[in-house]
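To keep things clear, I will list the structure first and then write my remarks on it.
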Amino acid sequence: MACKIIGSQRRARREASVLSALDHPNIVRFFGEARPAHLLMEYLDGPTLGRLIRTSRQRRLSVANALRVAIHVGPVLFDFGAARPRTDRRLGYTGGTDPYMAPEQCRGGRVTPASDVFGLGVTLYESLSGRHPFPEGTRRKPFPQLSVSPAPLRPFAPAVPASLEKLVLACLAPKPSARPSMAELLPKLHEFIRTGPRMWPETVERARRRSRPAGRTATRGMRRAA
């Protein structure tokens, strides 16, 4: 068993409430609370994602393994301190891990699923390149993502296809409406897993291909013919 010590009883109660409502193989099991602000959780023996990246031969993950991480097969989530209920209200305060926070979250604004896409985009960028997409924050300016565009990805990860770079950078768009939805993002990421085991059965991929608009298929066929 592991004990997570939190500096605030209010934050501890909020995180305990989130954990107690979740049950998934990729989420750490929650056993209860202890005073004054301790959370009792499943102990997991293994490296964090950051350590896995640092100890990799090239200090970054392969494209296929980075995408498997993004689709959450392998890592286990254990930090829910920044979890928030879906609501139309502004938060009025900031909460989360600074480099992974979307601009609207940094401003204490309304948090939506698009905010999660931004955080996933940072994780993807970090896994693929071994570095964060934005400069490190300072005491006076803790959130560079409010004023700085993400650095291009491929100079730090030449093996990343240009189309994948474009997708990752789209996740980091400053406006939530400009980011892809999670439902759009995950299947597109899966298309770039070209080595090792696939994430979904072939039957699922065939069904996805059949569901694509006929116009797109015809256009591709015309291009081949040309």
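The values are calculated or read from the model by the stated rules, or taken from the named source; none is laboratory data. Model, not experiment: these values are computed from the prediction. So basically every Cβ, Gly included, is an ideal-geometry build from the backbone, and we count neighbours across all protein chains shown.
A few remarks follow.
- Residue match in the range 111-134 (condition: farther than 16 Å from residue 172 by Cα and either more than 17 Å from the chain's Cα centre (by Cα) or modelled with pLDDT under 90 (or both)): no
- If the condition is being within 22 Å of the chain's Cα centre (by Cα) and of a type outside the set (Lys, Arg), then the range 29-40 contributes only 30.
- The residue that is nearest to residue 192 (Cα to Cα), counting only those in the range 130-162 that are part of a helix (DSSP H, G or I) and free of Cβ contacts under 8 Å to residues at least 24 places away in the same chain, is 162.
- Hits in the range 147-156 - residues which are under 14 Å from residue 129 (Cβ atoms), over 18 Å from the mean Cα position of the chain (by Cα) and of a type in the set (A, V, I, L, M, F, W, C): 156
- Against the test of being basic (Lys, Arg) and at pLDDT below 85, the options 13, 60 yield a single qualifying residue, 13.
- Only one entry in 124, 153, 164, 185 is in contact with a Ser or Thr (Cβ under 7 Å, 6 or more places away or on another chain), surrounded by 17 or more Cβ atoms within 10 Å (Cβ to Cβ) and not assigned by TED's automatic domain parsing to the domain that holds residue 15, namely 153.
- Qualifying positions in the range 11-43 - touching a Leu at 6+ places or on another chain (Cβ under 9 Å) and of a type in the set (Phe, Trp, Tyr): 30, 31
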